[in-house]
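The values are calculated or read from the model by the stated rules, or taken from the named source; none is laboratory data. For clarity, every value in this text was computed on a predicted model and none was experimentally measured. Neighbour counts run over all protein chains shown; Cβ positions are idealised from the backbone, glycine included.
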């Protein structure tokens with residue numbers, strides 16, 4: 001990317017496929033709120049990605065507003081960052097088709113997430129689910145984004161975006177037209193590097209689709225619900241260790257300590273310096289109090305914003321216009337490079 005001379009930009013988004021939870025807040029929204037003051041940021045609602053699996057249309061619309069409200073409630077400022085829904089900027093789809101003709105089938109065959117999501121029924125999966133890493137590349141490169149916040153499960157897709165950008169630049173003799181986007185990793189932004197896991201299984205990522213209602217803390221959960229879920233969180237019979245190394249082989253304990261550390265702005269060592277040697281009967285109430293303290297204001301603001309869909313629609317419409325003002329000229333240049341008639 002060193003040869004690319006364009007502006008530094010960040011692009012990230014969240015699928016509009018359900019309510020957001022504590023893991024989404026710590027892994028994405030909290031970081032969005034920090035990043036917006038450091039770089040030019042585009043944060044989108046990935047409704048086109050959401051429909052790679054079936055979504056009820058009315059639910060999809062409601063989920064889009066819910067996640068827009070979640071962004072704002074978590075501190076993302078629509079006057080600072082560009083917030084928009086993906087389907088409102090047609091340049092995403094246009095560039096995705098061109099990239100479908102640049103990407104190679106073998107590259108997509110190596111994408112592990114399709115195998116994980118399609119499972120044994122891959123013949124019944126949508127074509128969109130198979131090719132959505134190409135759309136993801138278009139999401140990034142349609143703004144010539146230079147940096148993308150990624151978790152472990154998305155690094156492979158960012159590598160694909162880099163491969164597509166490099167092949168496009170090479171094939172069409174458009175040297176450095178697209179940047180090769182770089183990952184933003186732990187330590188480069190925000191305070192949290194924790195990967196938030198299920199409250200019922202410390203080896204599985206926290207997910208809104210978990211069959212247990214006690215596995216996931218949603219941003220809309222009230223104080224009593226949060227306290228109940230943390231009280232029921234799976235643990236082991238041993239007290240907390242005094243050093244982080246003592247969490248090895250204790251995934252549930254490590255998860256709860258990680259949540260506390262992420263919300264308090266410290267590290268695991270700081271948490272264990274305070275609670276090491278104590279049992280979960282002491283630690284869980286303290287954790288519940290901290291989660292409620294951090295999440296309750298977000299929940300209240302989220303509910304207030306959801307009650308005003310007109311305002312949310314205005315925010316998204318304004319964001320889409322700002323996004324299109326950047327994306328449309330880039331796609332026009334791409335079409336000219338490819339050889340399309342103007």
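Observations on the structure shown:
- Every condition in (1) at pLDDT 95 or above; (2) within 28 Å of residue 167 (Cα to Cα) holds for residue 114 except the one numbered (1).
- Subset of the stretch 34-64 (residues that are buried (at least 21 other Cβ atoms within 10 Å of the Cβ) and out of contact with any strand residue (DSSP E or B) (no Cβ under 7 Å at 6 or more places or on another chain)): 36, 48, 52, 63
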